[in-house]
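Each remark here refers to the structure printed beneath this line.
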Amino acid sequence: LCCNGQYMLIDAGVPSAGDTVVEYIRDLGIKKLDYVVCTHGHADHCGGLDAVIESFDVDNVFTSPYAGDAAAYLHFVDTVESAQLTLEVPDQGVKYSLGDAKFEFIGPLSDHKNVNDDSLVLRLDYGDTSFLFTGDMTSKMEADVAEAVRYCGVDSLSILKVGHHGSKYSSSEEFLASIMPQAAVISCAARNTYGHPHKETLQRLEDVDALVLRTDEGGAIIAKIRASGVEMQVYEYCGGK
């Protein structure tokens, strides 16, 4: 995420993806990250963050209060400490600035005893455009998040980062009907062994008329906010200039 020369990274894939993420960020001419967010302690989210922390100046590192103790996450914690950074659990409801954009963490509201449902959930607003980044939360956590979104006074979201890579156990009918996303971005690998995104999730997104964009079909997905609205771009990123 970038706004007015400030930058945020949310998760970075498995450990082997770290170098690709670093190269992509460098190709954009970015030398410093104002915020790095580790939504939760699973390797496919926190694994690539080690390379990022080691490669860039970073101001703030956020993590879930219930991130777990998986080996990949503990390695990430060691990397943060070696970089002499503080791993911070963000307070709920505190407004942070990313340039002219504002963001806050609206989940998790309690310890669900499940690493996926204990993902950090982040909402970002820029003018009339709103985003929701959900980590791997499932339908068990969605009711709390939907209530928090409504409390913020938004009738519908501009863009939803679909929970848990499009798993059928996330993005329930009730949740989607509550937040009414205009566009839904699904991050998943092509031909992944989990079968993500599941057909049930795709049908539920279609039922609320959300524009669905998938990384397994198009590659990198870029959302640009312009005066005329949000412009979505899809392109394949293979590294290099």
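What's the magnitude of the charge dipole for segment 15-143 around its Cα centre, counting Lys and Arg as +1 and Asp and Glu as -1 at the beta-carbon? Answer in Debye, nearest 20.
200
For segment 50-140, what does the equivalent ellipsoid look like in terms of its semi-axes, each the square root of 5 times an eigenvalue of the Cα gyration tensor, given largest first in whole Å?
The answer is 23, 19, 10 Å, longest axis first.
When the accessible area of the chain is computed with all protein chains present and a 1.4 Å probe, what percentage of it is carbon and sulfur?
48
Would you list which aspartates and glutamates come within 13 Å of residue 102, measuring only between C-alpha atoms, while excluding same-chain residues fewer than 8 positions from it?
125, 128
Sort 215-222, 31-38, 91-98 by packing, meaning the average of other beta carbons within 10 Å per residue, with the highest value first.
The most tightly packed comes first, giving 31-38, 215-222, 91-98.
What number do you get for the chain when its Cα radius of gyration is normalised by 2.2 N^0.38 Å, N = residues?
0.94
Here is the link list: 95/168; 161/199; 31/113; 113/224. Which ones come out longer than 26 Å on Cα distance?
Flagged as over cut-off: 95/168; 31/113; 113/224.
Which value, in debye to the nearest 20, gives the size of the charge dipole of the chain about its Cα centre, when Lys and Arg are +1 and Asp and Glu are -1 at the Cβ?
Using Cβ point charges on Lys, Arg, Asp and Glu, the chain gives about 460 debye.
Name the residue from 190, 80, 60 whose Cα lies farthest towards the positive end of the charge dipole of the chain, charges +1 on Cβ of Lys and Arg and -1 on Cβ of Asp and Glu.
Going by the Cα projections, it comes out as 190.
Compute the distance from the alpha-carbon center of segment 1-79 to that of segment 103-141, in whole Å.
17
The values are calculated or read from the model by the stated rules, or taken from the named source; none is laboratory data. The structure displayed is predicted, hence computed values, not measured ones. Every residue, glycine among them, receives a Cβ derived from its backbone with ideal geometry; neighbour counts consider all protein chains shown. We work out accessible area using only protein heavy atoms, side chains counted, and drop any ligands, DNA or RNA first. Shrake-Rupley method; radii C 1.70, N 1.55, O 1.52, S 1.80 Å.
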